[in-house]
1. Please name which of A:Tyr124, A:His15, A:Leu64 has its Cα lying farthest along the dipole of chain A towards the positive end, using unit charges on Cβ (Lys, Arg +1; Asp, Glu -1) and the Cα centre as origin.
2. ³J(HN,Hα) across the stretch A:86-97 via Karplus (A = 6.51, B = -1.76, C = 1.60, θ = phi - 60°), whole Hz, x for Gly/Pro?
3. The stretch A:50-126 to the stretch B:93-136: how many Å between their Cα centroids?
4. Express in % the proportion of alpha carbon pairs of the stretch B:2-133 at distances exceeding 26 Å.
5. Farthest toward the dipole's positive end in chain B, which of B:Val87, B:Thr57, B:His41, given Cβ charges of +1 (Lys, Arg) and -1 (Asp, Glu) about the Cα centre?
6. According to the square roots a ≥ b ≥ c of the eigenvalues of the Cα gyration tensor, what is the shape class of chain A, taking rounded for a/c under 1.5, prolate for a/b larger than b/c otherwise, and oblate for the remainder?
7. Largest first and in whole Å, what are the equivalent-ellipsoid semi-axes of the protein assembly as shown based on the Cα gyration tensor, each being the root of 5 times an eigenvalue?
8. Testing the spin-label approximation: label points 7 Å from Cα along Cα→Cβ at B:Asn106 and B:His9. State their distance in nm.
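Since every read-out is calculated from the coordinates, none of them should be taken as a lab result. Note that the coordinates shown come from a computational prediction; the quantities given were computed from them, not determined experimentally. Note that each Cβ is placed from the backbone with ideal geometry, even for glycine, and that neighbours are counted across all protein chains shown.
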Amino acid sequence: MKVAVYRKEHFNAAHRLNNPDWDEATNQQVFGKCNNPHFHGHNYEIIIKIVGEVDPATGYVIDLKVLGDLTKKYVLNKFDHKNLNEDTEEFKNLNPSAENIAIVIYDLLRDKIDPKFYMQIRLYETERNFVEYPV
Amino acid sequence: MVYLTRVEHFNAAHKLFNPSWTKEKNEEVFGKCANENWHGHNFELYVTLRGEPNPDTGFVFDVKRLSILINEHVIDKLDHKNLNLDVDFMKDKMCSSENLVIGIWNELKPHLPEGVQLHSLKLYETPRIFVEYFGN
């Protein structure tokens, strides 16, 4: 019997949306105020969903404390109180949109989690804007 | 007496950094908030007025009009901005939530119509950290 379990974490970061191949006017037209050269920022919330069989020995799908520790070690330590564009390897050449952040977080965590589990990342950029990967 | 609150929000970058201190001293006092390249938040602003409901409208104040005033005089200056670099009323101030809420009060108060009593501002930096200011 499969059950989905979730761990919620958060980090605060600055970013901007900008495509260096475009001129300033095009960036402004596409990304609007998100293109501010001085950056802006968000309180990001991550929800990591894990789906798997309940282990009869523990009653757990996965130890959520361990999942929380892995997320802190491999994701939050990289991104919390950072400038995603300037301070991280992952977004040196990748626009830090919510979509790309969710994909990057998935890739950072996937090989740390037993492959027998299905994993999905939900990332909130604001209370009203969120994305999910994979779908 | 009724207290009427309008909630607005803005997303911004900032850092906590005292330029008269060394980098080490800033890191000691402000920790990761001193990151040179900024970090950011989804700020939530609660604006509370107080007054008696008008007998003709039932309103303490037209809350739509309040929203327009907050957006015009506060949110437009802060949303998707760098609080240290882009905001005239935070120039040369430490960019803490405490100073920001005082700055917002000083920006908004003069634009409220006469007779409207601004009771308090509450500013959330994160869901777990907020400051309140009552104008004194």
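1. Looking along the dipole axis, the top candidate is A:Leu64.
2. 9, 9, 10, 4, 4, 10, 4, 10, 9, 5, x, 6
3. Rounded to whole Å, the Cα centres lie 36 Å apart.
4. Numbers: 2424 of 8646 pairs.
That tail contains 28 percent of the Cα-Cα pairs.
5. Working it through, the farthest residue towards the positive pole turns out to be B:His41.
6. On the way: a/c = 2.67, a/b = 2.40, b/c = 1.11.
Taking the square roots of the gyration eigenvalues as a ≥ b ≥ c, chain A is prolate.
7. Details: eigenvalues 282, 117, 69 Å².
Taking √(5λ) for each Cα gyration eigenvalue gives 38, 24, 19 Å.
8. 2.8
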